[in-house]
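Colleague: I am attaching a structure below and will ask some questions about it afterwards.
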Amino acid sequence: MQEIRASIDIGSNSVILLIAKIKDEKISEVLFEEVNVTSLGKNLDINKKFINETMDNTFKVLASYKKIIKKYNASNLIITATEASRVASNAKQFYDKVYKELGFKVKIITGVKEAELTAKGVIASLDNIKEVSIFDIGGASTELIKVNISPFKIVDSVSLPIGSVRAKELFDKNELDSYLNNIVTGDIIKKYATDYWLGVAGTMTTLAMCFFDINTDNIKYINKKLLTMNEYTTFLNRFNSLTKEEILIKYPFVEKRIDMIKEGSLLSMSLLGKLRCQTLTISTYGLRHGTIVMR
């Protein structure tokens with residue numbers, strides 16, 4: 001029996017819609033996928049709540065997604081919200097409005113659940129691997145997840161309170177390095193350090209697209225491509241020497257993430273260095289894929 005389901009991932013930086021055909025609790029065909037950057041978690045560390053501008057942007061995107069979901073006649077919709085929504089003092093108020101006006105019930109998931117769903121989504125892209133370490137850089141948090149694939153089990157996970165949005169705010173105050181040193185403790189390094197990592201989410205997929213010089217039409221090309229840490233850091237040092245204008249000319253698809261892509265790249269490079277990474281792969285799969293198959 002095959003059915004059409006939809007999932008929406010409301011993150012600190014982007015809101016992502018996935019509509020797919022599901023058979024035997026697996027994705028048999030992706031019908032539609034769209035990413036919109038709404039920066040819902042902007043200035044969250046300062047204000048401790050969502051600001052009106054980003055709530056309005058997010059609401060408009062959700063309203064547009066409602067029309068798309070109706071067009072595909074999806075029988076089941078699951079909407080998850082992550083770190084920014086766990087922290088914002090007015091998150092409940094905002095999602096009450098979303099439910100009242102759009103009929104969308106948003107579930108704010110824990111860091112543990114986020115790790116489980118992300119891992120479940122990512123492993124769909126892997127072949128012949130027994131275990132993997134995943135790093136998921138979001139807008140406000142980064143999940144480190146050690147996964148046993150068969151049988152599926154989260155061996156360990158931790159949610160670090162740093163993502164691309166927070167990285168930019170800290171970088172602007174010249175506090176990024178000291179903040180990372182405080183949260184990436186010796187115990188975390190000892191528990192999670194390994195030579196191979198698999199990166200997911202918008203910051204990493206955008207940087208991978210720049211590395212391989214491809215556009216959004218060919219984004220799945222990056223899956224399973226292996227990079228050495230030396231190749232990655234050499235590219236990022238070159239990438240970060242460019243001005244924003246030069247980046248947009250060379251990589252126009254970065255436009256929606258241009259305000260924080262450099263800081264996100266610095267965060268990824270520093271974290272992977274601390275975690276003893278030698279090689280990495282970037283995957284386009286993630287939370288939304290795990291959500292859509294795990295009701």
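Colleague: What are the equivalent ellipsoid semi-axes of the range 121-286, built from the alpha-carbon gyration tensor (square roots of five times its eigenvalues), in whole angstrom, biggest first?
Modeller: Each semi-axis is √(5λ); the values are 24, 20, 13 Å.
Colleague: Test of understanding: extend the Cα→C-beta vector of Lys173 to 7 Å, then name every residue of the range 8-50 with backbone N under 17 Å from that spot.
Modeller: Answer for this model: 41-50.
Colleague: Normalised by the residues of the chain, what does the relative contact order come to in percent, with Cα pairs under 8 Å and at least six apart?
Modeller: Computed value for the chain: 21 percent relative contact order.
Colleague: In Å³ and rounded to a whole number, note down the convex hull volume per residue for the Cα atoms of the range 37-81.
Modeller: Convex hull volume per residue, Cα atoms: 69 Å³.
Colleague: What percent antiparallel are the DSSP beta bridges of the range 142-295, to the nearest 5?
Modeller: The antiparallel fraction comes to roughly 70 percent.
Colleague: Taking a virtual spin label 7 Å from the Cα of Lys225 along the C-beta vector, which residues in the range 13-40 bring their backbone nitrogen under 19 Å of it?
Modeller: None, by backbone N distance to the label point.
Colleague: What is the distance in Å between the Cα centres of the range 224-274 and the range 1-65?
Modeller: When both Cα centres are located, 24 Å separates them.
Colleague: Going 7 Å from the Cα of Phe152 in the Cα-to-Cβ direction, what parts of the range 264-295 have a backbone nitrogen less than 13 Å from that spot?
Modeller: 286-295
Colleague: May I ask for the equivalent-ellipsoid semi-axes of the range 1-76, computed as the square root of five times each C-alpha gyration tensor eigenvalue and listed largest first in whole Å?
Modeller: 29, 12, 8
Colleague: What's the long-distance tail for the range 55-103, i.e. % of Cα pairs beyond 13 Å?
Modeller: Roughly 64 percent, once rounded to a whole number.
Colleague: In angstroms, what radius of gyration and Dmax does the range 174-219 have, counting Cα atoms only?
Modeller: Rg, Dmax (Cα atoms, Å): 15.0, 41.
Colleague: Suppose the chain between Val30 and Thr279 were pulled fully straight at 0.36 nm per residue; how much longer would it get relative to their current alpha carbon spacing?
Modeller: Full extension from Val30 to Thr279 adds 86.7 nm.
Colleague: How big, in percent, is the set of alpha carbon pairs in the chain lying more than 30 Å apart?
Modeller: 27 percent
Each reported figure results from applying straightforward, stated rules to the coordinates on display, with no laboratory input. Because the structure is predicted, anything quoted here is derived from the model rather than measured. No Cβ is skipped: glycine too gets one built from the backbone with ideal geometry, and neighbour counts run over all protein chains shown.
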